[in-house]
1. Using θ = phi - 60° and the Karplus form 6.51 cos²θ - 1.76 cosθ + 1.60, what ³J(HN,Hα) does each residue of segment 35-40 get, whole Hz, x for Gly and Pro?
2. Quick one: what are the phi-derived ³J(HN,Hα) couplings along segment 43-51, Karplus 6.51/-1.76/1.60 with θ = phi - 60°, whole Hz, x for glycine and proline?
3. Need one number: nm distance between label points at PHE37 and LEU53, each 7 Å from Cα along Cα→Cβ, rounded to one decimal.
Amino acid sequence: MLQTPGEQSPIEGPPVPPSEEPRGCLFALSQPPLMLFLAVIGTLLFGTALHDLYRW
């Protein structure tokens with residue numbers, strides 16, 4: 001079946017609009033595995049700083 005220039009193909013759906021807001025750095029920081037990893041690293045750094053401050 002031939003299509004006229006204004007007609008859409010039945011296979012193609014309507015165009016999907018882009019998301020309103022692109023995902024950025026704050027979206028990445030909100031992920032639980034990343035926050036858990038950063039918490040562990042922060043705890044280790046804090047522990048080593050305390051050890052350096054109060055070593056005998």
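Values in this text are rule-based calculations from the coordinates and carry no lab data. Just so we're clear, the structure is a prediction, and the values are computed from it rather than from any experiment. Glycine gets a Cβ as well: all are built from the backbone with ideal geometry, and neighbour counts include every protein chain shown.
1. So the J values, rounded to whole Hz, are 5, 5, 4, 5, 5, 5.
2. 5, 5, 5, 5, x, 5, 5, 5, 5
3. Each label point is offset 7 Å from its Cα along the Cβ direction, giving 2.8 nm.
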